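Novice: Just passing along the structure, written as structure tokens.
The values are calculated or read from the model by the stated rules, or taken from the named source; none is laboratory data. Values in this document were obtained by computation on a predicted structure and should not be read as measured data. Heads up, the Cβs are rebuilt from the backbone with ideal geometry, glycines too, and the neighbour counts pull from every protein chain shown. The protein model used for the area step is the full one, side chains on, heavy atoms only, and it has no ligands, DNA or RNA in it. Shrake-Rupley method; radii C 1.70, N 1.55, O 1.52, S 1.80 Å.
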Amino acid sequence: VISRPKKKVYHRVSDLDRVMELRKKPSLILELSSIIQSHKTQSLLLRDLEKNVGFVRKWDFMALIERYPTIFRVSGSPPSVSLTLKAQSVAQEEAQAKALMEPLLVNNLRKLLMLSVDCRVPLQTLEFVGPELGLPCDFRESLVPKYPHFFSVKRVAGKDCLELEDWDSSLAVTAREARLAQEGVLSANQSGVRIKVRISKDGNYMGPFAFKMNFPPGFRPNVSYLENLERWQRMNFPSPYLNARRLDPTALETRKRAVAVIHELLSLTMEKRMTSVQLDAFQAECRLPSKLLLCLIKHHGIFYLTNKGVRSTVFLKDAYLGSNLIDKCPLLRFNDKFAALSGRTNMDLCNSNSSIGAIV
């Protein structure tokens, strides 16, 4: 009897799946707050809510308004929703958070252009991934013209592209390299003498070309797997900031470099994650693997692909501790502070007899 080969199992990481659930309500709270503040009166008639968010989503926002009276206040006739005094006070800190974000955004945008083969990326692609990068929706008008020595907009092959004006070698350092330097790995063994370092069972290897590994719960690698992984962790590879045109796409080192490029792209986002479709949008500019999904699954110690949410999302594992993002930019810290106004109440005001839904 010929036995069937074992079916490959993609091990889930519940902590990262949970991130998608945890971000739902805060993102809705922030979206509604932004809509309210965009009006001159700093309030929104409830009957106009549908015009702003659509019929289906309207009911999610109605439930949100009732659930969080510490953030949203309903008053007047016809009824309108505005921010509470406490929420208004915290909302005033957003301008400062955005001011602190600007130099980070400029540097990250320069690094992103430096990752591309021609140091340019279509504006359409940047607009598509803009929310993940932290870019304002009007960045083409509000941000780019302020830095003509860094950026220019040019028409290439029928597309408006953002092009880099100034290459800065000090920026051509990946997040992976920065972490290794901080840990003292890159400064060690400068003599070039190869020292045998036994790889641990968790796949981590102390070397200048190694990636931080975080295997999913339930994954038990055998000796052969770990030996192959050690060889891969040892392997030298070209910098993601080196022009990919010079490289042999079939070389093992080039394939490892592609993993480093994906790692760096995710590192440039605010929450160290992107949808798989957004990541795939950089396939041509950054020479990503044609079989991107297979590459992500193969390197499941570095990346995590979840199907929770509307679209599949790719996480950078070493950026998270459990469900918590380790390093947060000023805008994310502000978002967390604003969302924290919701408190931890378990009261579901939607069951109240004085439901807002009854007066709309």
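Novice: Which angle from 0 to 90°, rounded to the nearest 10, does the C-alpha axis of helix 223-234 make with the longest principal axis of the chain?
Specialist: On a 0 to 90 degree scale, this one is about 90.
Novice: In the chain, which longest range has no chymotrypsin sites (Phe, Trp or Tyr not before Pro) that are both DSSP loop (not H, G, I, E or B) and surrounded by at most 12 other Cβ atoms within 10 Å? Each step should come with its number before you reach the end.
Specialist: Working: sites that count: Tyr10, Trp167.
Segment 168-360 is the longest.
Novice: Further question: Report His300's accessible area, 1.4 Å probe, all protein chains in place, as a number in Å² to the nearest 10.
Specialist: Only protein atoms counted, so the area is about 20 Å².
Novice: Now for a separate question. Among the lysines, select those whose C-alpha is under 19 Å from the C-alpha of Lys51, and discard any that sit fewer than 8 residues away in the same chain.
Specialist: Lys40
Novice: Next question, about the same structure. Compute the distance in nm between two label points, each set 7 Å from the Cα along the Cα-to-Cβ direction, one at Trp167 and one at Leu30.
Specialist: 3.5
Novice: Using Cα-Cα distances under 8 Å and only pairs 6 or more residues apart, what relative contact order does the range 253-332 have, in percent? Spell out each step's value before the answer.
Specialist: Values: 78 pairs, mean separation 23.7, N = 80.
This gives 30 percent for the range 253-332.
Novice: Report the extension gain between Lys146 and Glu183 in nm, rounded to one decimal, defined as 0.36 nm multiplied by the number of residues separating them, less their alpha carbon distance. Walk me through the numbers on the way to the answer.
Specialist: On the way: separation 37, 0.36 × 37 = 13.32 nm, distance 3.61 nm.
Length difference between fully extended and current span is 9.7 nm.
Novice: For Ser33, what accessible area in Å² do you get when you roll a 1.4 Å probe over the heavy atoms of the protein chains, rounding to the nearest 10?
Specialist: Surface accessible to solvent at Ser33 totals approximately 10 Å².
Novice: OK, next. By how many nm would the segment from Asn243 to Lys98 lengthen if fully extended, with 0.36 nm per residue of separation less the alpha-carbon distance? Don't jump to the answer; show the numbers that get you there.
Specialist: Numbers: separation 145, 0.36 × 145 = 52.20 nm, distance 3.23 nm.
Residue separation times 0.36 nm, minus the Cα-Cα distance, leaves 49.0 nm.
Novice: Considering Cα pairs under 8 angstrom that are at least six residues apart, work out the relative contact order of the range 83-181 and quote it in whole percent. Provide the component values of the computation, followed by the final result.
Specialist: Numbers: 68 pairs, mean separation 25.7, N = 99.
After rounding, I find 26 percent.
Novice: Please compute the Cα-Cα pair-distance distribution of the chain with 10 Å bins starting at 0, giving whole percents from short to long.
Specialist: Answer for the chain: a P(r) of 4, 20, 27, 23, 15, 7, 2, 0 percent.
Novice: Quick one: which of Lys272/Lys328; Lys159/Lys272; Lys212/Lys298; Lys24/Lys272; Lys201/Lys291; Lys317/Lys337 span more than 19 angstrom between C-alpha atoms?
Specialist: On the way: Lys272/Lys328 10 Å; Lys159/Lys272 28 Å; Lys212/Lys298 15 Å; Lys24/Lys272 17 Å; Lys201/Lys291 28 Å; Lys317/Lys337 24 Å.
Check vs 19 Å cut-off fails for Lys159/Lys272; Lys201/Lys291; Lys317/Lys337.
Novice: Got a number for carbon plus sulfur as a percent of the chain's accessible area, 1.4 Å probe? Show your work: numbers first, answer last.
Specialist: Working: 10900 of 20330 Å².
Here carbon and sulfur together make up 54 percent of the probe-accessible area.
Novice: For the range 1-111, what is the accessible area per residue in Å² when the probe is 1.4 Å?
Specialist: Numbers: 7000 Å² over 111 residues.
In whole numbers, the range 1-111 has 63 Å² accessible per residue.
Novice: Put one equal scatterer on each alpha carbon of the range 197-348, apply the Debye formula with no solvent term, and list log10 I(q)/I(0) at q = 0.09, 0.18, 0.19 1/Å to two decimals.
Specialist: Debye output, listed in q order: -0.35, -1.18, -1.28.
Novice: Here is a further query. Name the aspartates and glutamates eligible as straight-distance cross-link partners of Lys146: C-alpha to C-alpha under 12 Å, and not fewer than 8 places from it in the same chain.
Specialist: Glu102
Novice: Tell me the relative contact order for the chain as a rounded percent, counting alpha carbon contacts under 8 Å between residues six or more apart.
Specialist: On the way: 406 pairs, mean separation 80.5, N = 360.
Relative contact order comes out at 22 percent.
Novice: Identify the residues of the range 256-278 with backbone N under 13 Å of a label point that sits 7 angstrom from the Cα of Lys298 along the Cα-to-Cβ direction, or state none.
Specialist: Output list for this probe position: 256-260.
Novice: Ignoring everything but the protein chains, give the 1.4 Å probe accessible area of Ser34 in square angstrom, nearest 10.
Specialist: Its heavy atoms expose roughly 70 Å² to the probe.
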